[in-house]
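Just below is one structure, and these are the notes that go with it.
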Amino acid sequence: MKNSNELCVVIVSYYPGESMYHLVKELMRQNCEVVIVDNGSSGPSVDVLQQCEDGGASIIELKTNLGIGYALNLGCRFWLTRGRPWILTFDQDSKIGHNFIESINSAIDDNSIHPEVAMFAPVIEDYSTKRSIQSVNETIGVAITSGSCIRSRIFKEIGYFDDFLFIDYVDFDFCIRLRKKGYTIKIVKQAQMIHSIGRMQYYKIPRVNFGFTTTNHSAVRRYYKHRNFIFMIRKYSTFTPIWLAKQGLSLIIEPLKIIIAEDDKVDKLKMIYLGWRDGIIGRGGKYYAG
């Protein structure tokens with residue numbers, strides 16, 4: 001089996017809590033090297049970053065939030081210049097199983113006769129709902145950033161993460177681009193991870209035997225999600241129309257979920273409108289109020 005040190009990690013942080021320190025500590029225990037790219041955090045989060053650095057992680061500090069795509073690219077380049085063949089990416093609040101890295105390494109060893117595999121992804125359970133976050137099929141179409149292990153040479157073929165998107169759909173865009181080049185994404189079922197997409201909650205409608213899940217994402221996250229979906233339609237409508245149709249249906253019913261079950265309804269609905277507006281006129285990058 002390959003030495004676990006051949007796997008290196010990029011964590012993107014933004015005002016991280018103690019959960020990131022626990023993630024770093026566990027990755028270190030499993031013999032990984034870690035670089036954290038921080039998007040301009042301050043306050044108590046600086047102490048968490050210092051804890052991680054004291055524990056052996058390298059820290060790249062940005063003065064302001066430049067988005068997850070920019071931060072991922074910076075971290076990946078950090079390892080690419082050091083010749084690392086595979087790069088693991090994580091969000092700051094994920095929790096991995098005790099044999100996570102061993103399972104990913106085993107998949108990489110088995111992958112020696114399957115060069116078409118460009119990414120491995122874990123089985124992910126949501127913190128709150130205990131439901132699966134992404135498909136557990138052997139081969140999947142898209143994977144979230146956290147827990148994904150990318151073959152380094154792919155960056156030369158398809159480019160880096162699209163920082164024009166800033167956040168939301170950055171991971172899915174990358175996955176679709178690698179699939180367009182003929183590569184695949186495989187699930188490693190032995191690699192288990194717990195993660196949270198927003199603050200997922202199941203809402204049951206009173207007196208009706210029906211319910212739905214809400215993410216409780218902030219208003220600005222709704223902006224990026226809806227805006228970037230427009231960009232995805234423009235780029236991939238002929239390549240993955242069924243997936244886009246499912247995404248579109250979910251976004252169409254999202255305002256109704258907000259009205260029924262979430263707080264800050266007016267702000268969230270306003271930002272959804274602005275997201276669609278800016279997506280249509282092609283305004284990307286970071287959102288600036290006014």
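The values are calculated or read from the model by the stated rules, or taken from the named source; none is laboratory data. As the structure is a prediction and not an experimental result, all values here were calculated from the model. Every residue, glycine as well, gets a Cβ built from its backbone with ideal geometry; the counts of neighbours run over all protein chains shown.
Select from segment 132-147 the residues that are among the hydroxyl-bearing types (Ser, Thr, Tyr) and out of contact with any Phe, Trp or Tyr (no Cβ under 7 Å at 6 or more places or on another chain) and write down the one among them that is farthest from Ile96 (Cα to Cα). Let's see the steps before the verdict.
Taking segment 132-147 as the starting set, the residues that turn out to be among the hydroxyl-bearing types (Ser, Thr, Tyr) are 132, 135, 139, 145-146.
Of the ones still in play, those that are also out of contact with any Phe, Trp or Tyr (no Cβ under 7 Å at 6 or more places or on another chain) are 132, 135, 139, 145.
Working: Ser132: 14, Ser135: 17, Thr139: 21, Thr145: 14 Å.
Looking at residues that are among the hydroxyl-bearing types (Ser, Thr, Tyr) and out of contact with any Phe, Trp or Tyr (no Cβ under 7 Å at 6 or more places or on another chain), I get Thr139.
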*Would you tally the residues in segment 255-273 being touching a helix residue (DSSP H, G or I) at 6+ places or on another chain (Cβ under 7 Å) and either buried (at least 19 other Cβ atoms within 10 Å of the Cβ) or not in a helix (DSSP H, G or I) (or both)?*
6
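Here's the yes/no breakdown for (1) surrounded by 18 or more Cβ atoms within 10 Å (Cβ to Cβ); (2) not aliphatic (A, V, I, L, M):
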site: Leu178; (1), (2): yes, no
site: Arg199; (1), (2): no, yes
site: Pro206; (1), (2): no, yes
site: Ile242; (1), (2): no, no
site: Ser250; (1), (2): no, yes
site: Ile253; (1), (2): no, no
site: Lys286; (1), (2): no, yes
_Restricting to segment 139-180, name every residue that is without any contact (Cβ under 8 Å) to a residue 60 or more places away in the chain, of a type outside the set (Ser, Thr, Tyr) and not in a helix (DSSP H, G or I)._
Ile140, Ala143, Ile144, Gly147, Gly159
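Name the single residue that is nearest to Leu165 (Cα to Cα) among those in segment 216-240 being among the hydroxyl-bearing types (Ser, Thr, Tyr) and crowded, with 18+ Cβ neighbours inside 10 Å.
Within segment 216-240, the subset among the hydroxyl-bearing types (Ser, Thr, Tyr) is 218, 223-224, 236-238, 240.
Now narrow it down to the ones that are crowded, with 18+ Cβ neighbours inside 10 Å: 223-224, 236, 240.
Working: Tyr223: 11, Tyr224: 8, Tyr236: 15, Thr240: 19 Å.
Filtering segment 216-240 for residues that are among the hydroxyl-bearing types (Ser, Thr, Tyr) and crowded, with 18+ Cβ neighbours inside 10 Å, the one nearest to Leu165 (Cα to Cα) comes out as Tyr224.
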*Identify all residues within segment 180-197 that are buried (at least 18 other Cβ atoms within 10 Å of the Cβ) and more than 24 Å from Ile133 (Cβ to Cβ); write none if there are none.*
none
*Do you know which residues across segment 5-55 are under 21 Å from the mean Cα position of the chain (by Cα) and of a type in the set (S, T, N, Q)?*
Ser13, Ser19, Asn39, Ser41, Ser45
*In segment 265-290, which residue that is of a type outside the set (A, V, I, L, M) and at pLDDT below 95 is nearest to Tyr202 (Cα to Cα)?*
Tyr288
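Can you find a residue in segment 58-69 that is surrounded by fewer than 23 Cβ atoms within 10 Å (Cβ to Cβ), aliphatic (A, V, I, L, M) and closer than 19 Å to Arg153 by Cβ?
no
Yes/no matrix, rows are residues, columns are (1) among the basic types (Lys, Arg); (2) part of a loop (DSSP other than H, G, I, E, B):
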| position | (1), (2) |
| --- | --- |
| Gln51 | no, no |
| Glu61 | no, no |
| Trp79 | no, no |
| Arg84 | yes, yes |
| Thr89 | no, no |
| Asp93 | no, yes |
*asked:* Let me spell it out: the conditions are (1) touching a Gly at 6+ places or on another chain (Cβ under 8 Å); (2) on the phi < 0 side of the Ramachandran plot, and Leu80 meets all of them except one. Which number is the exception?
replied: (1)
*Scanning for something hydroxyl-bearing (Ser, Thr, Tyr), touching a Phe, Trp or Tyr at 6+ places or on another chain (Cβ under 7 Å), on the phi < 0 side of the Ramachandran plot and at pLDDT 95 or above, does segment 222-241 turn up at least one residue?*
yes
